[in-house]
Amino acid sequence: MADDKDVLRDVWFGRIPSCFTLNQDEVTEREAEPYYLLLPRVSYLTLVTDKVKKHFHKAMRAEDVEEMWFEYEGTPLKWHNPIGVLFDLHASSSVLPWSITVHFKNFPDRDLLHCPSSSVIEAHFMSGIKEADALKHKSHVVNDMQKKDHKQLWMGLQNDKFDQFWAINRKLMEYSSEDGGFRYIPFRIYQTTSDRPFIQKLFRPTSPEGSAHTLGDLLKEMCPTALPPDGEPKRYQVVIHGIEPLLETPLQWLSEHLSHPDNFLHICVIPVPSD
């Protein structure tokens, strides 16, 4: 793997200033002040919001509190997607801090998965890592790891420990020189304009002739509407971790450096904001 630790660090330590306010329909015993937090882009909402829950619990009676869930401008936020993906998909053109509404009632079962404990998040996260390794290495790397290695990946994410996480994750990013890259690139493409949760198909990092596939090649095949027809103005932004990588960027490099901790490249295709 290319030793480009600065990029890995920048990705890991990306933060989104956020303001949590209690939904006005919630029953409180006293006024609930907003709660401000720097959210890690690479984590999950339900993993980093214990302080938010405790803050609002203080203003509420225990019998008025059910499972906490979050919403942005009427859209329930899917905790099983990384925080950075949720922001890029729904709020990237909004002013900061990101204004998130907190609910303790009327859980939207049709839109969200329940998350009763952190073990649910851990299971979801590890299943992503295993799926990504099946695509990259036929599961060889994950299967060769010990249980404590799996735990170290999870604890690194849970406790925001970059070095602890990458000491194990680097093994998942390796490949032999004769392979020249991963077997397939683990990716998901999200669109606000689609009812599908995401696009995910098999795609190799190199062409049959051996040339490196780029981000543009992936989009051309998987999501052609993201690319403007020749001579026409750009209608969509292609965003990974809040930035627009060049379409000429090799997919293998992106997969090694801009994947989330679950080892997937999460790509958001969002309409260009109108002035």
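The values are calculated or read from the model by the stated rules, or taken from the named source; none is laboratory data. Worth saying up front: this structure is predicted, and the values here are computed from it rather than measured. Cβ sites come from the backbone with ideal geometry, for glycine too, and all protein chains shown count toward neighbours. These accessible areas exclude ligands, DNA and RNA; they are computed on the full protein's heavy atoms, side chains included. Shrake-Rupley method; radii C 1.70, N 1.55, O 1.52, S 1.80 Å.
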- Search result, residues across the stretch 235-263 that are open to solvent by less than 40 Å² (accessible area, probe 1.4 Å) and in contact with a His (Cβ under 9 Å, 6 or more places away or on another chain): Ile240, His241, Leu251, Gln252, Leu258, Ser259, His260, Asp262
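Name the single residue, out of those in the stretch 99-128 being part of a loop (DSSP other than H, G, I, E, B) and aromatic (Phe, Trp, Tyr), that is surrounded by the fewest Cβ atoms within 10 Å (Cβ to Cβ).
The initial filter retains those residues of the stretch 99-128 that are part of a loop (DSSP other than H, G, I, E, B), namely 104-117.
Then drop every residue that is not aromatic (Phe, Trp, Tyr), which leaves 104, 107.
Values: Phe104: 20, Phe107: 15.
Selected residue: Phe107.
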- The one condition in (1) touching a strand residue (DSSP E or B) at 6+ places or on another chain (Cβ under 6 Å); (2) assigned to a loop (DSSP other than H, G, I, E, B) that Cys268 fails to fulfil: (2)
- Message: Among the residues of the stretch 8-15, are any open to solvent by less than 60 Å² (accessible area, probe 1.4 Å), within 16 Å of the chain's Cα centre (by Cα) and among the small types (Gly, Ala, Ser)?
- Response: yes
- Per the filter on the stretch 181-203, residues free of Cβ contacts under 8 Å to residues at least 60 places away in the same chain and either of a type in the set (Val, Ile, Thr) or closer than 14 Å to Glu256 by Cα (or both) are Arg183, Tyr184, Ile199
- Task: Identify the single condition in (1) closer than 22 Å to Asp195 by Cα; (2) open to solvent by 40 Å² or more (accessible area, probe 1.4 Å) that Glu67 does not satisfy, given that it satisfies every other one.
- Result: (1)
- Message: What's the number of the only condition in (1) modelled with pLDDT of 90 or more; (2) open to solvent by 10 Å² or more (accessible area, probe 1.4 Å) that Glu232 fails to meet?
- Response: (1)
